Amino acid sequence: MDSPVTVITGTRTGIGRFLAAHYVSRGHRVVGCSRGDVDWTLEGYTHYTADVADERAAKALFADVRKTCGRVDHLINNAGVASMNHSLLTPLSAVHRMLDTNVVGTFLFCREAAKLMKTAGYGRIVNLVTVAVPLKLEGEAIYVASKAAVLSLTEVLARELAGFGITVNAVGPVPIATDLIRSVPQEKIDRLVSRQAIPRLGTPADVANVIDFYLQRESEFITGQCLFLGGV
């Protein structure tokens, strides 16, 4: 079989950038996107500048992937935004931004990828959530709500798409040293990490390890699941 085609959202920095390099190194043809251009290049990687919550952009991206690659084997929904504020201090603009990117964007990319996967009778979708969901983390009400919605979406899509040979699973990282937590006070990060069975920050490699498992062809009987890292 020729190289798998893997679409990853939010690849400009952080976990997404790591995942792009990781799957290129494993022989995948990787297609990535973010709202801005990337300042790096990688052989085997194609970048699109697109907002995941823009339906027209999502459709155009997958139409182009179908034309150039012929199919999509894997989708990793990594793009996400957060706002670490008490609910009484969270502006409505932040609410819309998180719901649009985290929920609407994830749904649109799942829908468009699944259309191509359905034709092939095979596919793997992995959505990123967060340990803040089971921890019901205070100070992140809308972020947690948006990722809880992604978790529910994962569980329902797993049932809707199972008959097409498509699995849908999720991984919930602990805090990882990326732009997403850069503005969070260190004492808050320390308190969160102390609630884990394994009290350390996560790494992008920890996340990739779980995704590798989900993407295996041998994982065809695993769907609708979420693996939270760190022993939460």
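Other residues with beta-carbon under 11 Å from the beta-carbon of G44 carry, at +1 per Lys or Arg and -1 per Asp or Glu, a net charge of +1. This ranking places F221, F107 by how few other beta-carbon atoms lie within 10 Å of each, fewest first, which gives F221, F107. Couplings for region 39-54, taken from phi via the Karplus curve 6.51 cos²θ - 1.76 cosθ + 1.60 with θ = phi - 60°, read 9, 9, 10, 8, 5, x, 10, 10, 10, 10, 8, 7, 8, 4, 8, 8 Hz in order; Gly and Pro are left as x. Near L116, once Lys and Arg are set to +1 and Asp and Glu to -1 for all other residues with Cβ below 10 Å from its Cβ, the sum equals +2. Taking 20 Å as the straight-line reach from the Cα of K136, the aspartates and glutamates in range (excluding those fewer than 8 positions away in the same chain) are E155, E187, D190. In region 5-231, a dipole from Cβ-located charges (positive for Lys and Arg, negative for Asp and Glu) runs towards its positive end, and of L75, A177, T203 it is L75 whose Cα lies farthest in that direction.
Multiplying the residue separation of A177 and R35 by 0.36 nm and subtracting their alpha-carbon distance yields 49.1 nm.
Give me, ordered by chain and number, the residues 5 or more places off L75 or on other chains with an amide H under 5 Å from its own placed amide H. Excluding prolines and chain starts, which carry no amide H, the hits are V7, R124, I125, V126.
Of S34, S194, the sequence from fewest to most neighbouring Cβ atoms within 10 angstrom is S194, S34. A cut-off of 5 Å between modelled amide H atoms, ignoring neighbours fewer than 5 places along the same chain, links C226 with A170. Remark: spin-label model distance T203-N85 equals 3.5 nm, labels positioned 7 Å along the Cα→Cβ axis. For region 5-231, relative contact order (Cα pairs under 8 Å, six or more residues apart, normalised by length) works out to 19 percent. Listed by chain and number, the lysines placed with their C-alpha closer than 24 angstrom to that of K67 are K59, K115, K118; residues fewer than eight positions away on the same chain are left out. Using r as the Cβ-Cβ distance of S219 and R159, and R0 as 25 Å, what FRET efficiency do you calculate, to the nearest 0.05? Plugging the Cβ-Cβ distance into 1/(1 + (r/R0)^6) gives 0.90. If only the Cβ of Lys and Arg carry +1 and only the Cβ of Asp and Glu carry -1, the dipole of the chain around its Cα centre is close to 200 debye. Applying 1/(1 + (r/R0)^6) with r as the Cβ-Cβ distance of K136 and T13 and R0 = 25 angstrom yields a FRET efficiency of 0.35. Treating r as the C-beta distance of E55 and S152 and R0 as 22 Å, the FRET efficiency rounds to 0.60.
State the label only: which of (1) 16.8, 53; (2) 20.1, 67; (3) 19.5, 59 corresponds to Rg and Dmax of the Cα atoms in Å computed from the shown model? Recomputing Rg and Dmax of the Cα atoms in Å here gives the entry labelled (1).
Taken together, the values in this text are just the output of simple stated rules run on the coordinates, not laboratory data. Because the structure is a prediction, the values reported are computed rather than measured. Cβ atoms come from the backbone with ideal geometry, glycine included; neighbour counts cover every protein chain shown.
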